[in-house]
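Written out below as structure tokens is the structure these notes cover.
Every number here is computed from the coordinates shown, using simple stated rules; none is lab data. Everything quoted here is computed from the prediction, not taken from an experiment. Here the Cβ positions follow ideal geometry from the backbone for every residue, glycine too, while neighbour counts run over all protein chains shown.
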Amino acid sequence: MGYEVWGLVRGQGNPRVRHLRQLVGDVRLVRADLLDQGSLISAVERVQPDEVYNLAAISYVPMSWQQAELTGEVTGLGVLRLLEAIRVCSGISASRSPGGGQIRFYQASTSEMFGQVSESPQNERTPFHPRSPYGVAKVYGHFLTQNYRESYGMYAVSGIMFNHESPRRGAEFVTRKVSLGVARIKLGYERKVRLGNLSASRDWGYAGDYVRAMQFMLAQDAPSDYVIGTGVTHSVEKLVDTAFSAAGLNWRDHVVTDTAFIRPAEVDRLCADASKARDELGWEPKIGFEELVAMMVDADTELPPAATARSSRPSPGNAAPGPRPGRPDVRPGRRRPCRSRRSGLPPGRRAGAGGSRRAGTAGR
Ligand code: GDP
């Protein structure tokens, strides 16, 4: 697509790097950590991105209760450090605005910022009422991105993305937990899948469609924030029904509700009004709910037996239960200024972490 993509990885001997190499072998990697300002400046200097996509976060809501401070550091202050790295490397200050060819920054904001919603569907003007440390940290990142745009004139935008899913979704999120559960039951490895609140509703879309929206956002002449979602909402029960039906099974024979997966503060119902994205970006989702669920069930049914047969029992990093109601569970579960340099890649920009037209993408 004309992009030279760099991915930001952290840690020594990070076991995810091997997996990443198998999935996307042509992505170049740079080491840095959202907790370490100097490492981010070095990464931006090295990659010289045209675009930076900050997709990195502690994003699993129950985990954000278990490690609330770390969530604030990574999901919230990490945005500040990345924006500062871009600002410093671009030589931008209160008295020196960015010139042409500046680095464009995308922040992955989230519908979890709406939390206890005050109106439905939610658009760019709907007030935020987050219901978890994750949602609170994302609100910080969202307003900070807006402030860097307004204060320094930086090209910095937020996509308020509703839940976006694919066969690559982490196994702790409900869509993938269900698609993996269906596959294991279908293949005879297990008989039951344990879930929490079946009445919560989400506006679930396909992640590939949402990445297209991110690209569109950074290609606009003027930076602005957009809600991205399908405008159609389904309950967890409907998700379960659709997934089991796709495999010719009846969910009532296999789903057990378990209070361990009930959250202390639930976000009951989310539904996007993405009319601004439709009107200004020409963005529309291409994959609907049924197709998405069938895609995920099919992909998990076709996984190698070793991957499918693994136990789906809750584990600290996987389906970690949330805190009990009313009682949060705290157990674990200038060197030369590096100006943005257009790569001349047609027609693109360099993106990273983060995302090289050079795009840097920061993922955690
Ligand atoms: P979230 O919207 O970012 O929190 O995405 P999740 O996929 O983690 O959760 C979506 C909804 O599914 C929430 O309302 C959860 O309470 C609900 N849910 C019900 N059972 C489960 C479960 O076993 N695991 C997860 N992750 N969510 C569940």
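Pairs, please: C-beta under 7 Å, at least 6 apart or cross-chain, first residue farther than 13 Å from Ser199 by Cβ and in the range 260-279, second of a type in the set (Asp, Glu) and surrounded by fewer than 17 Cβ atoms within 10 Å (Cβ to Cβ)?
Hits for this filter: Lys276/Glu124; Arg278/Glu284.
Within the range 212-226, can one find any residue that is buried (at least 21 other Cβ atoms within 10 Å of the Cβ) and within 16 Å of the ligand (Cβ to nearest atom)? So that I can check it myself, show each step before the final result.
Quick first cut of the range 212-226, residues buried (at least 21 other Cβ atoms within 10 Å of the Cβ) only: 213-215, 217-218, 226.
Within this subset, residues satisfying the condition of being within 16 Å of the ligand (Cβ to nearest atom) are none.
No: zero hits.
Give the residues of the range 250-277 that are loosely packed, with under 15 Cβ neighbours inside 10 Å and away from the ligand (no atom under 16 Å from the Cβ), sorted by residue number.
Listed by number, the residues that qualify are Asn250, Asp253, Ser275.
Out of curiosity, is Glu112 of a type in the set (D, E, K, R) and either under 18 Å from the mean Cα position of the chain (by Cα) or within 15 Å of the ligand (Cβ to nearest atom) (or both)? Spell out how you get there, then give the answer.
On the way: of a type in the set (D, E, K, R): yes; either under 18 Å from the mean Cα position of the chain (by Cα) or within 15 Å of the ligand (Cβ to nearest atom) (or both): yes.
In short, yes.
Go through (1) surrounded by 23 or more Cβ atoms within 10 Å (Cβ to Cβ); (2) of a type in the set (Ser, Thr, Tyr); (3) in contact with a Pro (Cβ under 8 Å, 6 or more places away or on another chain) and name the single condition Tyr152 misses.
(1)
Of all residues in the range 161-172, which are aliphatic (A, V, I, L, M) and more than 10 Å from the ligand (Cβ to nearest atom)?
Hit for the range 161-172 is Met161, nothing else.
Taking the options Ser166, Ser120, Ser109, name whichever one is within 27 Å of Ile287 (Cβ to Cβ), of a type in the set (Gly, Ala, Ser) and touching a His at 6+ places or on another chain (Cβ under 9 Å). Steps first, answer last, please.
Details: Ser166 fails: touching a His at 6+ places or on another chain (Cβ under 9 Å); Ser120 fails: touching a His at 6+ places or on another chain (Cβ under 9 Å).
Sole residue among the options that is within 27 Å of Ile287 (Cβ to Cβ), of a type in the set (Gly, Ala, Ser) and touching a His at 6+ places or on another chain (Cβ under 9 Å): Ser109.
Pick from Thr145, Thr175: which is within 12 Å of the ligand (Cβ to nearest atom) and of a type in the set (Ser, Thr, Tyr)?
It is Thr175.
Taking interchain pairs and intrachain pairs at least six residues apart, which have beta carbon atoms under 6 angstrom, with the first residue in the range 78-105 and farther than 15 Å from Asp50 by Cα and the second small (Gly, Ala, Ser) and surrounded by fewer than 19 Cβ atoms within 10 Å (Cβ to Cβ)?
Between residues of the range 78-105 that are farther than 15 Å from Asp50 by Cα and residues that are small (Gly, Ala, Ser) and surrounded by fewer than 19 Cβ atoms within 10 Å (Cβ to Cβ), the close pairs are Ser97/Gly153.
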